[in-house]
Amino acid sequence: MYDAIVVGARCAGSPLAMLLARRGHRVLLVDRATFPADTLSTHYLPQAGAHQPAGWGLLDRLVRTGCPPITEMTLSWEDSVITGGVDPVDGISAAYAPRRTVLDAMLLDAALDAGVEVRLGYPVTDVLVADGRAVGIRGGTRRSGGAAAEDRAAIVIGADGPRSTIAATMNAAFYNVVPAASFIYYSYWSGLDRQHSARFRNGAQIGCWPTNDGLTVVAVMRRRERLAEFRADVPGNFLGVVRAVFPELADELATRGRREERFHGSLYPDNYYRAGHGPGWALVGDAGYHRDPVTAQGMLDAFTQADLLAAAVDRGLSGQQPMNAALADFQRHRDEATAASYRLACTVGELAFPPELAALLVAAANSPETRKKFLGMVAGFVPLAEFFAPAHLTEPKCSPTNPDPEP
Ligand SMILES: Cc1cc2nc3c(=O)[nH]c(=O)nc-3n(C[C@H](O)[C@H](O)[C@H](O)COP(=O)(O)OP(=O)(O)OC[C@H]3O[C@@H](n4cnc5c(N)ncnc54)[C@H](O)[C@@H]3O)c2cc1C
């Protein structure tokens, strides 16, 4: 019998398992993947996202992987260009973009170091339920065909991403769903020497930043209506959009750059919240909440939630607070803390900014003080409310199948 079983061992699951084990709890962490394993992600970790592993004592490990610090950001909207760095918070002023093969393996190692029991290549097929309460998992190694073993715990936590088995089995309700507006294609180039750049123009976005092994990730985002046309010739359309939006980068790709990997592409998952807990279970990371990756804060969200949920589960397990009340606090904090950034991601994900937002970007390009706040907000250090008045963000349009803005 474990105190907690965590399903999914990436940005949400491994830190959560580590934090619970560090508080003295007996934790089982399972994932159907074996690590190191890549996953679809452009893996930009803004400064606030680096602050979290620093607090856990893991930033040095990340730096030792050779992942280059990113100290300057350039964001452009049509003709407005905003360039600069951010004031350090607790000595941290750099962002990083570690490959997920590197970051997720490092987080898993930290969980192992904390005493977490880990099973990899271990798909969970079912949640064990008794009297309406989750009491464990059923799963097994691929070799044994799955469904081989049952394990029990006081709480089962789904950190198993957008297609969460735990959420589906426990019927975790969706709310505030906003259909994805765009898609992404990206790959990795050697021979470039760039810090962070994100440029929006004519309904497209180009993002690029350096990562491990001397490579630079370059990504193209477009509205979903263009996906079929784009897929017809991915290399040609990719370079065509880069040339139209970011001609200097297109020249670098053509003259100095060498593409080292195939293109990775995907329609973004919809934006959603899901009920974050129920009797004997909870969700963390993308399993319970996902917003358009355009603002590159999904990993920061996962880290923040891991911290919040670890504290809540610890209060429940140690008897400081009834578990249900502790988990309800977690969900309330999650939703309150992400409400403004959710609206922003849904708005920016449309790749066509409303006039109020465009005006703010022009102001940030022209005023050093506004620029500093803007870059601090992109870094995750300045609360959105400080930069955006709520009126500047359009309300999310809920999906017709999920019309209610609240659960
Ligand atoms: C194209 C794209 C680009 C992105 N770019 C960025 C970016 O630049 N910056 C950023 O911060 N965020 C980005 N994101 C978002 C970010 O990748 C996610 O927010 C983050 O990965 C969520 O982490 P997680 O641990 O919650 O879930 P995941 O990373 O999805 O991990 C879930 C884990 O659960 C395991 N699992 C699932 N089901 C089972 C099961 N039944 N049994 C056992 N194991 C299971 C999976 O194998 C997986 O390892 C991007 C997302 C996409 C799609």
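Key figures
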read-out: Filtered residue count, the stretch 319-340, keeping only those that are more than 19 Å from Arg23 (Cβ to Cβ), surrounded by 15 or more Cβ atoms within 10 Å (Cβ to Cβ) and not aliphatic (A, V, I, L, M); value: 4
read-out: Meets criteria (at positive phi, touching a residue at least 60 places away in the same chain (Cβ under 8 Å), within 11 Å of the ligand (Cβ to nearest atom) and crowded, with 17+ Cβ neighbours inside 10 Å) for Gly298; value: no
read-out: Single match in Val156, Val135 (criterion: within 30 Å of Thr42 (Cα to Cα) and either more than 24 Å from the chain's Cα centre (by Cα) or surrounded by 15 or more Cβ atoms within 10 Å (Cβ to Cβ) (or both)); value: Val156
read-out: Those residues of the stretch 211-249 which are touching a strand residue (DSSP E or B) at 6+ places or on another chain (Cβ under 9 Å), of a type in the set (Gly, Ala, Ser) and within 21 Å of Ser76 (Cβ to Cβ), in sequence order; value: Ala219, Ala244
read-out: Asp193 being within 14 Å of the ligand (Cβ to nearest atom) and among the acidic types (Asp, Glu); value: no
read-out: Residues (over 15 Å from Gly349 (Cβ atoms), more than 9 Å from the ligand (Cβ to nearest atom) and not hydrophobic (A, V, I, L, M, F, W, C)) located in the stretch 271-288; value: Tyr273, Arg274, Gly276, His277, Gly278, Pro279, Gly280
read-out: Some residue of the stretch 11-25 being out of contact with any Pro (no Cβ under 6 Å at 6 or more places or on another chain), closer than 24 Å to Ile184 by Cα and crowded, with 24+ Cβ neighbours inside 10 Å; value: yes
read-out: Some residue of the stretch 260-270 being within 30 Å of Gly132 (Cα to Cα), surrounded by fewer than 24 Cβ atoms within 10 Å (Cβ to Cβ) and among the charged types (D, E, K, R); value: yes
read-out: Filter result for Thr165 (modelled with pLDDT of 95 or more, surrounded by fewer than 22 Cβ atoms within 10 Å (Cβ to Cβ), in the same structural domain as Pro15 (by TED's automatic domain parsing) and β-branched (Val, Ile, Thr)); value: yes
read-out: Matching residues in the stretch 181-204 - criterion: being within 18 Å of the chain's Cα centre (by Cα) and either under 20 Å from Asp251 (Cβ atoms) or buried (at least 20 other Cβ atoms within 10 Å of the Cβ) (or both); value: Ala181, Ser182, Ile184, Tyr185, Tyr186, His196, Ala198
read-out: Some residue of the stretch 240-250 being within 15 Å of the ligand (Cβ to nearest atom), outside the structural domain of Gly132 (by TED's automatic domain parsing) and part of a helix (DSSP H, G or I); value: no
read-out: Residue within the stretch 270-278 that is of a type in the set (Ser, Thr, Tyr) and either in the same structural domain as Ala130 (by TED's automatic domain parsing) or farther than 21 Å from Asp193 by Cα (or both) present; value: yes
read-out: Residue within the stretch 95-102 that is aromatic (Phe, Trp, Tyr) and surrounded by 23 or more Cβ atoms within 10 Å (Cβ to Cβ) present; value: yes
read-out: Meets criteria (within 16 Å of the ligand (Cβ to nearest atom), within 24 Å of Ser182 (Cα to Cα) and not assigned by TED's automatic domain parsing to the domain that holds Met299) for Arg262; value: yes
read-out: Check on Ala110, free of Cβ contacts under 8 Å to residues at least 40 places away in the same chain and part of a helix (DSSP H, G or I); value: no
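The values are calculated or read from the model by the stated rules, or taken from the named source; none is laboratory data. This structure is a prediction, so every number in the text was calculated from the model and none was measured. Using ideal geometry, Cβ is built from the backbone for each residue, glycine included, and neighbour counts are taken over all protein chains shown.
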